[in-house]
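Student: Can you keep this structure in mind? I'll have questions shortly.
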Amino acid sequence: MAYLLDTGVFIEAKRRFYGLDFVPGYWDWLMREAQAGTLRSIERVADEIDVQADELSEWAANLPDEFFLRPDKFFSDAFQRVSQWALSSGFRAAAYSEFLDVADSYLVAQALAGGHTVVTLEKPATSPSKKKIKVPDACAGVGVKCITPYAMMRLQGVRLVLAPTAGGGA
C-alpha cells in the first residue's frame, strides 16, 4: 500500500503553499518517501506535471523510475469499475467524459487496483451537482480511501521545521 498523489498535490503546493525555493523541506520529504516507496503517483499525473515545463517538472524528473505507476494487470478491471460507477451515478455526459479524459479516473482506478490511498486537495461535492466528478466522490463511490495532503503528512509525522539561525533564534 502506498499513498497515490494527485496532480494538485504537486502543482498547487508549488504555486501556493510550498514553493521549491522557500520550502525545500517539503520537496526533500516527498523525494525521500518516493525513494522509500511510501509515496507514488501515476504516469498520467507525470504527464500533467511535464506540461508545466518549469522547475517542478525538472524536480519531478529526478523521482525514482518506479514512482509514476503504469497500469498493471489489475488496472483494467478497476478502471472498468470506476467508469461504471461514474456512468451510473447520474453525472452529465460532459462530466463523465472529462473525468475519463484526465488523470483523475486513472488515479482512482490505480488506487483501487493496488489497495492504495488517494491523496488530493479536492474536496467532495457539497451539493448534488452532476456537472463535475470530484476525486473524493469517485473514491467513495468505489471504496477507495481518500485523504488530504495535510492528513497524510500528519499520519506520516512530517514536521517542516525552520532551522535555527546562526544567532540561535528560530
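Student: Only Cα pairs within less than 10 Å get springs; with that Gaussian network setup on the chain, which residue of Ser76, Ser127, Ser89 has the largest fluctuation?
Tutor: Between Ser76, Ser127, Ser89, it is Ser127 that shows the largest mean-square fluctuation.
Student: Could you work out the local net charge near Lys123, counting Lys and Arg as +1, Asp and Glu as -1, over the other residues with Cβ closer than 11 Å to its Cβ?
Tutor: Net charge around Lys123: -1.
Student: A further question follows. Under 14 Å from a point placed 7 Å out from the Cα of Lys130 along the Cα-to-Cβ direction: which residues of the range 62-98 have their backbone N that close?
Tutor: Answer for this model: 86-97.
Student: Another one. Give the lysines reachable from Lys131 as a straight Cα distance under 29 Å; neighbours fewer than 8 places away on the same chain don't count.
Tutor: Within reach: Lys14, Lys123, Lys145.
Student: Still on this structure, please answer the following. Can you give the net charge of the other residues whose Cβ lies under 11 Å from the Cβ of Tyr3, counting K and R as +1 and D and E as -1?
Tutor: Here the count lands on 0.
Student: Another one. So, counting K/R as plus one and D/E as minus one, what does the shell of residues with Cβ under 10 Å around Ser105 add up to?
Tutor: Spelling it out: positives minus negatives among the neighbours equals -2.
Student: Treat each spin label as a single point 7 Å out from the Cα along the C-beta direction, and report the Ser76 to Arg159 distance in nm.
Tutor: 4.9
Student: Based on the Cα coordinates of the range 3-155, what is the per residue volume of their convex hull in Å³?
Tutor: Convex hull volume per residue, Cα atoms: 110 Å³.
Student: Here's another thing I want to ask about it. So which aspartates and glutamates pass the test for Lys132, namely a Cα distance under 17 Å, with those fewer than 8 places away in the same chain ruled out?
Tutor: The qualifying aspartates and glutamates are Asp6, Glu98, Asp101, Asp104, Glu122.
Student: Moving on to the next point. Within the chain, which is the longest segment that contains none of the trypsin sites (Lys or Arg not before Pro) sitting in a DSSP loop with at most 16 other Cβ atoms within 10 Å?
Tutor: 1-72
Every number in this text was worked out from the coordinates using simple rules, so none of it is lab data. What you are looking at is a predicted structure, and each value in this text was computed from that prediction instead of being measured. Because the Cβ atoms are built from the backbone with ideal geometry, glycine has one as well, and the counts that use them run over all protein chains shown.
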